């Protein structure tokens, strides 16, 4: 027998809830198909439910008929995507996360001030792609400390500033920021990791104090879910990332001890409940 402890907080953040509410309203107001630019959130379970109701996720606006309805995902989009949507006379529903929108505003202001803008994050992530677009392609993306050696020297009187992808962890960005400060002693920036991301990572650290295994519910393409696994591993605890309880087998589970359970910011509580039921069938006892 093993104990099951639930992380608090876990699952949906406010930005994801807002984005899904936008899609719900559109599905209620318009006949299918309703188009979504990229996945509205990075969760396979959620996306499949929306697809069954008539939502169609597209990676290009070429797939959307002129005059149709397009929902921009929580990750935000680049200005050129907005211009393309307007040219196609699409009805735009912007489900972008407010924090991402705030970062976009920062980038535009830094651009006007001629600052060297450094984006810390994954260059192929939709959030970074959208933010890079706000800089008219002039921001520089840094994924690791090794990337910093390729950054240019500042122009006379120029200031360097950094922003971060909202779904990273402080363990990830701390060495990068330290190296940036060495290269640019007057570096500005305070980090832009979402408070919901930070809170969920801290909840995992608390679970790691008493658990031998931490199960994270979230899709592999979900940055914040992957960071939850990494946070557990930084604490010396085994962690597994699953889309649903179907991703677990009895061999994954301990015979006794404690198992922690959490979910990424785009994973619904429904999946937590399903996973708890699976664990209980395999001799788990819910303690929180």
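Enclosing the Cα atoms of region 14-96 in their convex hull gives a volume equal to 79 cubic angstrom per residue. Per-residue extension of 0.36 nm, minus the Cα-Cα distance of residue 28 and residue 187, leaves a gain of 52.5 nm for this segment. Using only alpha-carbon positions in the chain, the gyration tensor eigenvalues give semi-axes of 34, 28, 12 Å once each is multiplied by 5 and square-rooted (largest first). Taking a point 7 Å out from the Cα of residue 280 in the direction of its Cβ, the residues of region 211-248 whose backbone N falls within less than 20 Å of it are 215-217, 244-248.
Give me the number: length gained by fully extending residue 288 to residue 238, i.e. 0.36 nm times residue separation minus the C-alpha to C-alpha distance, one decimal in nm.
Answer, rounded to one decimal: 16.0 nm.
Globularity index of region 147-286 is 1.31 (Cα radius of gyration / 2.2 N^0.38 Å, N = number of residues).
Using 0.36 nm per residue of separation minus the Cα-Cα distance, give me the extension gain between residue 59 and residue 1 in nm, one decimal.
Details: separation 58, 0.36 × 58 = 20.88 nm, distance 4.60 nm.
Additional length available on full extension: 16.3 nm.
Among 215, 272, the order by Cβ neighbours within 10 angstrom, fewest to most, reads 272, 215. Shown is the FRET efficiency for residue 220 and residue 270, computed with R0 = 22 Å from the Cβ-Cβ distance and rounded to the nearest 0.05: 0.70. Applying 1/(1 + (r/R0)^6) with R0 = 30 Å to the Cβ-Cβ distance of residue 205 and residue 88 gives a FRET efficiency near 0.05. Once the convex hull of all Cα atoms in region 126-195 is built, its volume per residue stands at 98 Å³.
Backbone N atoms of region 260-280 closer than 19 Å to the 7 Å Cα→Cβ label point of residue 212 belong to residues 260-262, 279-280. If the label point is 7 Å along Cα→Cβ of residue 178, which residues in region 196-210 have backbone nitrogen under 15 Å from it? Within reach of a label on residue 178: no residues. Note that region 73-162, at 10 °C in a medium of 1.306 mPa s, gets a Stokes-Einstein diffusion coefficient of 113 µm²/s from its Kirkwood radius over C-alpha pairs.
Pairwise inverse Cα distances across region 170-221, averaged and inverted, put the Kirkwood hydrodynamic radius at 13.6 Å. For region 76-228, the share of alpha carbon pairs falling in successive 5 Å distance bins from zero is 2, 8, 17, 19, 19, 14, 10, 7, 4, 1, 0, 0 percent.
Here, each number is a calculation from the coordinates, and none is a lab measurement. Given the structure is predicted, the values throughout are model-derived calculations rather than measurements. Using ideal geometry, Cβ is built from the backbone for each residue, glycine included, and neighbour counts are taken over all protein chains shown.
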